[in-house]
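What follows is a single structure, written as C-alpha cells, with notes after it.
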Amino acid sequence: MIDLRSDTVTRPTEAMRQAMFEAPVGDDVFGEDPTINRLEEYVAELLGKEAAIYAPSGTMTNQIGVFVNTRRGDEVFVHEGAHIFNYEAGAPALISSVQVRTLPGAGGVILPETLRAAVRPENVHFPHPSLLCLENTHNGAGGKIFPLEDFAAVAAEARELGLRVHLDGARLFNAQVATGVPAREWADLADTVSVCSSKGLGAPVGSLLAGDAETIREARRARKAFGGGMRQAGVIAAASLYAFENNIERLAEDHRRAKRLAEGLTEAGYTVEPPETNIVLVEVGDAEGFLKALAAEGVLVTPRSASAVRFCTHLDVGDEEIEAAIEAAGKISVETLKQ
Ligand SMILES: Cc1ncc(COP(=O)(O)O)c(C=O)c1O
C-alpha cells in the first residue's frame, strides 16, 4: 500500500532507532533525563524562546498552551478550520473550561479586522477575551502557509486587544522550508508555540511547547496534571531530537513531490488546489467512491469533505510511489465520480 493519508504514518528509520537505543536517560519528572533536557534546549533555541517542554503529542502541547494562557470562562479565538477547535475532542472546554469563538479567513489566515470585530469590550455580560490561536501551516486549509506579514498584523492586533497568542506550529518547519523564513520569526510573534516531531519530521511521537521561562514552568505543572509527566522518556525523545536535527531541510522533498502529485492529478482530469507545502487537496466529486476505488489500486488517502480528498506527502514515500499514485488515480474515471 502507498500510504498518503498523513505525514504521521512514517516509521522510524534505522538511524533514528539507533539514536533511541543509545539515548542516555533519567527521570524526567525530576528533570533528570539528559536527552529530554537536550531536546528542550535545542527546540527552545530553534524557536528563539527561553524554554520548551516535551510532551507526548501536539494535542497535549496545544492544550497546555490554551491552559496556561487562559482562565476558566475566558474566550479563545481560533480559525474555524483550526485543529485545536475541530480535532482535539473538545479539549478547550473539557480541560480549560474556556469558550471557543471561531473566526473565518481564507487559507486559515485571520485578518486583524476580523479579530477586532469579534473581540467585545469589557462588560459584565461578556467573557474575558484572552487568547488568539493561530495555525501554521494550516492543516484544514491544505497545508497553507500563514504569511509572516499577515501573521504579524493579526498578532499585533491581538496584543492591542489585550490577548495572548498561541501558535499551533505542528508543521511550522514546512512553512520555514517552503518560504526560507526561519520558524523563529513566526515564533517571535507568539507567546507560546507548539511544534511536532511526529508529523513530517518522522519521529514516532513527541511535541514541544516553547515560550518564556515562567510560562513553561507553569506548563510543566499543567503537563503533570494532564498525565503527561513521563519518566525515562529519553528513549523516545531521542527520536524527536534526531528528527529536529536531521529532517527539517528534507521537507523540501515532500513539497516537491506534492507539486508533482498536483501536476499529475491535474493532468489526469482532477481539480487540484496548487499545494504550498506537503498537503494536496483534490476535488473528486464523490470522496467516498474515490477512496474505495483508489484503495483498490493500492493507494490510501483521507476524505476532506463529501467531494474532496487529501493527499499528504512524507518521508516514507519517494518519487516512484508518487508516480504510482498518479497512475492509480488516473485509472479511476473522473467523469463517473463527478456524476
Ligand atoms: C495542525 C495540527 N495541530 C495539532 C495536531 C495534533 O497532533 P497530535 O496528533 O500529535 O496530537 C495535528 C495532528 O495532525 C495537526 O495537524
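The values are calculated or read from the model by the stated rules, or taken from the named source; none is laboratory data. In this text, all values refer to a predicted model and were calculated from it rather than measured experimentally. Cβ: placed from backbone, ideal geometry, glycine included. Neighbour counts: every protein chain shown. To get the accessible areas, we keep the full protein, side chains included, count just its heavy atoms, and leave off ligands, DNA and RNA. Shrake-Rupley method; radii C 1.70, N 1.55, O 1.52, S 1.80 Å.
Averaging Cα coordinates gives a centre for the stretch 292-335 and one for the stretch 27-94; these two points are 33 Å apart. Under the combined filter of DSSP loop state and at most 13 neighbouring Cβ atoms within 10 Å, the stretch 59-106 retains these trypsin sites (Lys or Arg not before Pro): ARG71, ARG72.
Across the stretch 203-339, C-alpha contacts under 8 Å between residues 6 or more apart give a mean separation that, scaled by the residue count, equals a relative contact order of 22 percent. Taking all protein chains into account, the per residue accessible area for the stretch 210-304 stands at 44 Å² (1.4 Å probe). Quick check for the chain: number of Lys pairs with alpha-carbon distance under 28 Å, counting only pairs 8 or more apart or on different chains? Qualifying lysine pairs in the chain: 15. Points 7 angstrom from Cα along the Cβ direction at GLU218 and SER333: gap in nanometres? It is 6.0 nm.
Placing +1 on each Lys and Arg Cβ and -1 on each Asp and Glu Cβ, with no other charges, gives the stretch 250-338 a dipole about its Cα centre of roughly 200 debye. Checking every one of the trypsin sites (Lys or Arg not before Pro) in the stretch 134-241 against DSSP loop status and a limit of 16 other Cβ atoms within 10 Å picks out ARG231. Shape verdict for the stretch 161-320, please, from the Cα gyration tensor: rounded (a/c under 1.5), prolate (a/b greater than b/c) or oblate. Since a/c reaches 1.5 and a/b is larger than b/c, the shape of the stretch 161-320 is classed as prolate. The convex hull of the Cα atoms of the stretch 14-246, projected and averaged over all directions, covers 11.8 nm². If both residues of a DSSP beta bridge must be in the chain, then about 50% of such bridges are antiparallel.
Segment ARG116..ASN86, full-extension length gain: 8.5 nm, with 0.36 nm per residue of separation and the alpha-carbon distance subtracted.
The phi-based Karplus calculation (6.51 cos²θ - 1.76 cosθ + 1.60; θ = phi - 60°) puts the 3J(HN,Hα) values of the stretch 6-19 at 6, 7, 8, 8, 5, 10, x, 6, 4, 5, 5, 4, 5, 4 Hz, whole numbers, x for Gly and Pro.
Relative contact order of the chain: what whole-number percent is it, with Cα pairs under 8 angstrom and at least 6 residues apart? Answer for the chain is 24 percent. Computed from backbone phi with θ = phi - 60° and the Karplus coefficients 6.51, -1.76 and 1.60, the 3J(HN,Hα) list for the stretch 208-224 is 10, 10, 10, x, 6, 4, 5, 4, 6, 4, 5, 4, 5, 5, 4, 4, 4 Hz; x is used for glycine and proline. For the chain, leaving out every one of the GluC sites (Glu not before Pro) that falls in a DSSP loop and has at most 11 other Cβ atoms within 10 Å, the longest unbroken run is 123-248. How much mean residue ellipticity at 222 nm does the chain get from its helices, if each DSSP H run of length 4 or more adds -39500 (n - 2.57) and you divide by all residues, to the nearest 500 deg cm²/dmol? About -13000 deg cm²/dmol. Think of each Lys and Arg Cβ as +1 and each Asp and Glu Cβ as -1; about the Cα centre, that makes the dipole of the chain roughly 840 debye. What the Cβ-Cβ distance of ALA324 and VAL9 gives, at R0 = 22 Å and to the nearest 0.05, is a FRET efficiency of 0.85.
Using a simple spin-label model with pseudo-atoms 7 Å out from Cα toward Cβ, VAL205 and PHE126 lie 4.3 nm apart.
Under 5 Å between amide hydrogens, built in the peptide plane, is the criterion, and for THR271 it picks out GLU283 among residues at least 5 positions away or on other chains.
Annotation: extensible slack from GLU22 through GLU245 equals 78.7 nm (criterion: 0.36 nm per residue apart, minus Cα-Cα distance). Subtracting the Cα-Cα distance of ALA296 and ALA156 from 0.36 nm times their residue separation leaves 45.4 nm of extension gain.
Between amide H atoms placed 1.01 Å from N, distances below 5 Å from ARG164 occur with LEU131, LEU132, all of them 5 or more places distant or on a separate chain.
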